[in-house]
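These notes concern the structure reproduced below.
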Amino acid sequence: MSAVPETLPALAERADAAYLDFVEGFREYILGKGADFEDRLNTVLLTEQARRGQPWDDVEQIREYVHSLPLGRLRDRLSRTQQEMKWFALRRSFESQRAELLAELDRYDARGPGRLELDPNFVHPPYVNVHFHLQPGGYYKDALSGYLYHYGTKVFFRGDNDHDELHAKLVARVPAPADGRVERILDLACSIGQSSTAFRRRFPSAEVTGIDYSAPMLRVAHRRAAMLGDDVTFAQRLIEKTGYADGQFDITFAFIVFHELPLRIIHETVREAARVTRRGGIFAIYDFTGTRDKSPYQRYHRWFDARHNGEPYSQDFCDCDMNAILADNGFEVAAAALGQRSGGAGYMTNWFATRV
Amino acid sequence: MSEITQQTPEGGTPIAGENPVYLKDPVLDATVRMVVELAAQVWIERERRITLESLLEAQGTLSRAAIESFKPDAAQAAALKRERARFIEDVFKELRRIPPTV
């Protein structure tokens with residue numbers, strides 16, 4: 001039996017790996033039961049709410065109260081610090097081997113299985129010019145963005161993303177269309193293509209396409225898929241304007257992208273998904289849980305993540321009514337189920353919608 | 001809390017700037033960052049030492065006494081100094097982020 005190829009980029013030194021291993025553990029500690037910020041601060045917030053005799057009106061009120069507490073301010077400091085440390089170490093490690101890493105991408109660009117379709121005339125819309133999660137250069141400005149993202153999300157998911165575990169699990173839960181026909185699958189904002197390859201493995205005879213605006217991400221996606229032997233097409237296209245024909249896809253998929261879109265683009269993307277998904281096809285979305293389902297601490301965490309972790313659009317997404325947006329665009333939504341995840345207050349929800 | 005923020009062209013929550021101050025005093029922020037950084041550095045060393053000691057013992061190539069009495073030659077000493085400079089930079093680079101005025 002041959003081993004699965006390691007698609008995570010190698011770090012320059014053992015010390016870099018140990019540093020990031022520390023960050024992963026520290027992240028778990030401050031988000032989870034170690035420092036126990038979530039439960040302790042939420043208890044305080046609920047106690048204060050009871051004392052005031054009314055629920056917290058808006059997140060600004062919660063923020064003001066959390067910032068009056070030394071524990072709240074320290075929680076913010078440590079949350080920001082672990083994220084900065086991750087990027088500091090990753091950038092340094094990859095920078096020292098930039099030429100080799102780029103040469104590796106060059107080697108894979110034209111190699112199969114699968115293919116890479118980059119658009120030399122691609123224009124990035126202004127809304128993508130954000131350093132999401134504080135990633136240096138954002139998702140597309142550094143030729144190494146895909147490598148940074150891959151290792152960055154390994155640390156972020158704390159053991160759920162060492163070898164695509166999370167993506168495989170979430171893709172497995174997506175319902176197939178009622179008629180069972182799955183010939184073409186579209187992975188919107190596929191980044192480094194982990195869900196795309198998971199779909200190809202689940203439906204080996206289906207044609208799987210992953211699209212993203214970031215060429216560096218797509219190059220890593222293609223290299224990864226080729227290394228794994230998965231035949232997937234990765235194309236540089238906008239999710240709100242894909243350019244594909246009407247009703248072309250049996251399953252359209254979006255994993256944690258909607259909270260990184262301005263409201264206007266959320267609407268455009270759902271409209272576009274409705275256009276390219278055939279009748280009876282599935283539009284499956286995993287993303288953050290809406291504000292109304294959150295505890296006061298989770299609402300605070302969302303604000304902090306938006307302002308201090310480069311997620312400017314996430315609050316608007318969490319406040320919007322995705323069920324209504326989907327319904328307005330011709331989707332029938334099965335009850336949105338919560339995908340609970342410990343720590344991080346970033347609990348995910350899924351929307352499994354059928355194109356009617 | 002630092003109030004320096006940037007707004008995206010598409011609105012949304014204004015994003016904090018490069019060096020937000022969370023603890024009211026930037027020196028305190030830097031101190032906390034240094035403590036966490038030090039912890040990371042300590043872990044790196046511990047991970048490596050555990051790795052080395054395990055390998056050395058398993059292979060029977062070195063005794064603990066030899067480690068205690070090791071004296072670096074000139075090249076090794078220079079390399080150690082470079083490592084030390086990197087270590088100090090990693091931990092104390094935070095000092096440069098303290099603004100001269102608040």
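The values are calculated or read from the model by the stated rules, or taken from the named source; none is laboratory data. What you are looking at is a predicted structure, and each value in this text was computed from that prediction instead of being measured. No Cβ is skipped: glycine too gets one built from the backbone with ideal geometry, and neighbour counts run over all protein chains shown. Ligands, DNA and RNA are excluded from the accessible area calculation, which covers all protein heavy atoms including side chains. Shrake-Rupley method; radii C 1.70, N 1.55, O 1.52, S 1.80 Å.
Across chain A, Cα pairs under 8 Å and at least six residues apart give a relative contact order of 17 percent.
A convex hull fitted to the Cα coordinates of the stretch A:68-200 yields 181 cubic angstrom per residue. Comparing the stretch A:176-306 with the 2.2 N^0.38 Å rule of thumb, its C-alpha radius of gyration ratio is 1.11 (two decimals).
Rounded to the nearest 0.05, the FRET efficiency derived from the C-beta distance between A:R115 and B:E18 at R0 = 45 Å is 0.70.
Counting only protein heavy atoms and a 1.4 Å probe, chain B has 68 square angstrom of accessible area per residue. The interface between chain A and chain B buries about 3100 Å² of solvent-accessible area in total (1.4 Å probe, ligands and nucleic acids excluded).
Return the inverse of the average 1/r over all pairs of distinct C-alpha atoms in the stretch A:62-123, which is the Kirkwood hydrodynamic radius, in Å to one decimal. About 15.9 Å, per the Kirkwood formula over Cα pairs.
Note on the protein assembly as shown: with neighbouring protein chains present and a 1.4 Å probe, carbon and sulfur make up 55 percent of its accessible heavy-atom surface.
I'd like the orientation of helix B:74-92 relative to chain B: the angle between its Cα long axis and the longest Cα principal axis, in ° from 0 to 90, rounded to 10. Helix B:74-92 and the main axis of chain B meet at about 30 degrees.
Sorting A:T7, B:T51 by solvent-accessible area of protein heavy atoms yields B:T51, A:T7, largest first, with a 1.4 Å probe.
As a check on your grasp of the helix formula, calculate [θ] at 222 nm for the protein assembly as shown: sum -39500 (n - 2.57) over DSSP H runs of n ≥ 4, divide by the residue count, round to the nearest 500. Calculated from helices alone, the mean residue ellipticity at 222 nm is -15500 deg cm²/dmol. Taking amide H as placed 1.01 Å from N in the peptide plane, B:V21 has its amide H under 5 Å from the amide H of B:S2, each at least 5 places away in sequence or on another chain. Using only the C-alpha atoms, the convex hull of chain A corresponds to 138 Å³ per residue.
Result for chain A in a Gaussian network model with C-alpha springs under 10 Å: among A:F94, A:F122, A:F283, the largest mean-square fluctuation is at A:F122.
By the scheme Lys and Arg +1, Asp and Glu -1, what is the net charge of all other residues having a beta-carbon under 13 Å from that of B:R48? That works out to -4.
Computed with every protein chain present, the accessible area of A:F352 is close to 30 Å² [probe 1.4 Å].
Amide hydrogen proximity for A:E117: with H placed 1.01 Å from N in the peptide plane, the residues at 5 or more positions away or on another chain lying under 5 Å are A:F234, A:A235, A:Q236. For the stretch A:147-163, putting each phi into the Karplus relation 6.51 cos²θ - 1.76 cosθ + 1.60 with θ = phi - 60° gives couplings of 5, 4, 5, 4, 6, x, 6, 4, 5, 4, 8, 6, x, 8, 9, 7, 9 Hz, in residue order, rounded to whole numbers and with x for Gly and Pro. Three semi-axes describe the equivalent ellipsoid of chain B; taken as square roots of 5 times the Cα gyration tensor eigenvalues and ordered largest first, they are 43, 17, 12 Å. With K and R counted +1 and D and E -1, the other residues having a Cβ less than 13 Å from that of A:L188 yield a net charge of -3.
Accessible area per residue for the stretch A:64-103 is 37 Å², calculated with a 1.4 Å probe on protein heavy atoms, without ligands, DNA or RNA. Backbone amide hydrogens, once placed in the peptide plane, bring B:T8 within less than 5 Å of B:I15, excluding anything fewer than 5 places away on its chain. The lysine pair tally for chain A, using Cα distances under 19 Å and a gap of 8 or more places or different chains, is 4. Applying the Karplus relation 6.51 cos²θ - 1.76 cosθ + 1.60 with θ = phi - 60° to the stretch A:205-222 yields 3J(HN,Hα) values of 9, 7, 8, 10, 10, x, 10, 7, 7, 9, 4, x, 5, 5, 5, 5, 4, 5 Hz, where x marks Gly and Pro. Taking every DSSP beta bridge with both residues inside chain A, roughly what % is antiparallel (nearest 5)? Around 40 percent of the beta bridges assigned by DSSP in chain A are antiparallel ones. The spacing between the stretch A:59-108 and the stretch A:264-330, judged by their C-alpha centroids, is 24 Å. If you run the Gaussian network model on chain A, springs between alpha carbon atoms under 10 Å, then out of A:G193, A:G152, A:G72 the most flexible one is A:G72.
Among residues other than A:F283 whose Cβ falls under 15 Å from its Cβ, what is the net charge (Lys/Arg +1, Asp/Glu -1)? Its environment carries a net charge of -2. Per-residue 3J(HN,Hα) values for the stretch A:97-111, derived from phi via the Karplus relation 6.51 cos²θ - 1.76 cosθ + 1.60 with θ = phi - 60°, read 10, 4, 4, 5, 5, 5, 5, 4, 5, 4, 4, 8, 3, 9, 8 Hz in sequence order (x marks Gly and Pro).
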